[in-house]
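Visitor: Supplied in structure tokens, the structure appears directly below.
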Amino acid sequence: MHWYTITPIHNLSVSLESPISFGAGLVLTRLPAWISQDPMVERLSVIDQESIREVEIAFVSEYEAASLGDPDPSSPERKSIQEAKYELSVLGNLALWLSRPSRACFQVVLHAPQHGTTPAVQQVERHSPLLCHPNDVGNRVSASDLIIAQGLHSSMVQIARQNAVWTAIRSAWFALHMNAEEVRYFLWWAALEALFGPEDAREITYRLSQRVGFFLGQDPSDARELFTVVKAGYTFRSKVVHGRWAANSQNLTLMGNAEMITRRSLHRILSERELLEVFQGRDREGYLDDLVFRA
């Protein structure tokens, strides 16, 4: 039986001349017209119905499945096919944020089999919206950002599980949905430690700060500035983890810095195939230790 998993994307208003193919069969396209008249959608709350009808663009996956909940044969975790398609949309939304942080997000996922000429929604899953940093609320994803997101998503869907990059991706995704300041901040640093933390934990603040500085810095001055930013951020991270933090005017800036550094780091790693292989494999530690000499 032919199925559709449809993920309407809120706060994404851009002209699409044609559908954009992301990775693993995910497509960014116009929201199918039949959705607003679907009987199950019409039984949703008025707020949910209005939110879906306001959306212009959606992630859509098409696939074959015998029924709802069938296991995905390509999933080592034996997820259902619908769960696997939902994960593609998660990575798609994260790719949009990596290309340009904004309010673009989804709140429902629709799974619809096609029995006749028109699909019919069989299951509606609700999810919490992405919460971007206040500094990014006014950002708008452009057509050129979509092309960047397309490439980032194609890289993400090929990443093996249980490695530094996948841990950073998952930490970033959960951070984007966390409204508790201290937990959100810790999750950003969980992502950065997965990518840049030394395996033996000696002088971790200095070494992590130096690694990020040399990895992202465009020149010695930029690397030195990033070193200072990361060092201050990690110091505050330690206070958060040990319960010794307090709300102050600098917290928003520290949060923004952690998000910016995580986004820039993942963006670069996912954009360069050789780097992606290094950070997924056993050469990560040696590569990071050698950055100071390469600089």
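Visitor: What whole number of Å gives the distance from the Cα centroid of the stretch 233-295 to the Cα centroid of the stretch 156-205?
Guide: The stretch 156-205 and the stretch 233-295 have Cα centres spaced 8 Å from each other.
Visitor: So if I take the centroid of the Cα atoms in the stretch 63-142 and the same for the stretch 1-16, what is the distance between those two points in Å?
Guide: A separation of 9 Å, based on Cα centres.
Visitor: Right, another one. Under 5 Å between amide hydrogens, which residues at least 5 positions from GLN122 or on another chain qualify, with H placed 1.01 Å from N in the peptide plane?
Guide: Result for GLN122 returns HIS111, ALA112.
Visitor: A further question on this structure: Please compute the length gained on full extension between LEU252 and TYR206, using 0.36 nm multiplied by the number of residues separating them and subtracting their Cα-Cα distance.
Guide: Computed gain between LEU252 and TYR206 is 14.3 nm.
Visitor: R0 = 25 Å: FRET efficiency of THR117 with ARG43, Cβ-based, nearest 0.05?
Guide: The value I calculate is 0.70.
Visitor: Per-residue HN-Hα couplings for the stretch 173-184, Karplus 6.51 cos²θ - 1.76 cosθ + 1.60 at θ = phi - 60°, whole Hz, x for Gly and Pro?
Guide: 4, 5, 4, 5, 10, 9, 9, 7, 3, 5, 6, 4
Visitor: While we're here: Packing-wise, with mean Cβ within 10 Å as the measure, how do 205-216, 42-53, 169-180 rank, highest first?
Guide: 205-216, 169-180, 42-53
Visitor: Just to check I understand the Karplus step: with θ = phi - 60° and J = 6.51 cos²θ - 1.76 cosθ + 1.60, what whole-Hz values come out for the stretch 46-55, glycine and proline as x?
Guide: Those phi angles translate into 4, 5, 5, 4, 5, 5, 5, 5, 7, 7 Hz.
Visitor: At 7 Å along the Cα-to-beta-carbon direction for both HIS127 and SER21, put a label point, then send me their distance in nm to one decimal.
Guide: The answer from the label model is 2.3 nm.
Visitor: How much length would be gained if the chain were fully extended between GLU285 and GLU62, taking 0.36 nm per residue of separation minus their Cα-Cα distance, in nm to one decimal?
Guide: Going from the current span to full extension adds 76.3 nm.
Visitor: Can you compute the modelled spin-label distance between GLN218 and VAL14, with each label point 7 Å from Cα toward Cβ, in nm?
Guide: 2.2
Visitor: Among 225-238, 94-107, how do they line up by average Cβ neighbours within 10 Å per residue, starting with the highest?
Guide: 94-107, 225-238
Visitor: Turning to a different aspect of this structure: Rounded to the nearest 500, what is the chain's calculated 222 nm mean residue ellipticity when only DSSP H runs of at least 4 contribute -39500 (n - 2.57) each, over all residues?
Guide: Taken over the chain, the calculation gives -16000 deg cm²/dmol.
Visitor: Between SER80 and residues 5 or more places away or on another chain, which pairs have amide H atoms under 5 Å apart, with H built 1.01 Å from N, and which residues are they?
Guide: ASP72
Visitor: How do 73-81, 263-271 rank on mean C-beta neighbours within 10 Å, highest first?
Guide: Top of the packing list down: 263-271, 73-81.
Visitor: Which part of the stretch 128-151 falls in the paramagnetic zone of SER51, meaning amide N under 17 Å from the point 7 Å along Cα-to-beta-carbon?
Guide: Residues 128-132 fall inside that zone.
Visitor: Applying the Karplus parametrisation 6.51 cos²θ - 1.76 cosθ + 1.60 with θ = phi - 60° to the phi angles of the stretch 198-208, what ³J(HN,Hα) value in whole Hz is obtained for each residue in order, glycine and proline being reported as x?
Guide: Values per residue, Gly and Pro as x: x, 5, 9, 6, 6, 6, 4, 4, 5, 5, 5 Hz.
Visitor: Let me ask something else. Would the stretch 151-295 count as rounded, prolate or oblate if I go by the C-alpha gyration tensor, calling it rounded below 1.5 in a/c and otherwise prolate when a/b exceeds b/c, oblate otherwise?
Guide: Verdict is oblate for the stretch 151-295.
No lab work stands behind these numbers, since they all come straight from the coordinates. All values derive from a computational prediction rather than experimental measurement. When we count neighbours, we look across all protein chains shown, and the Cβ atoms used for this are built from the backbone with ideal geometry, even at glycine.
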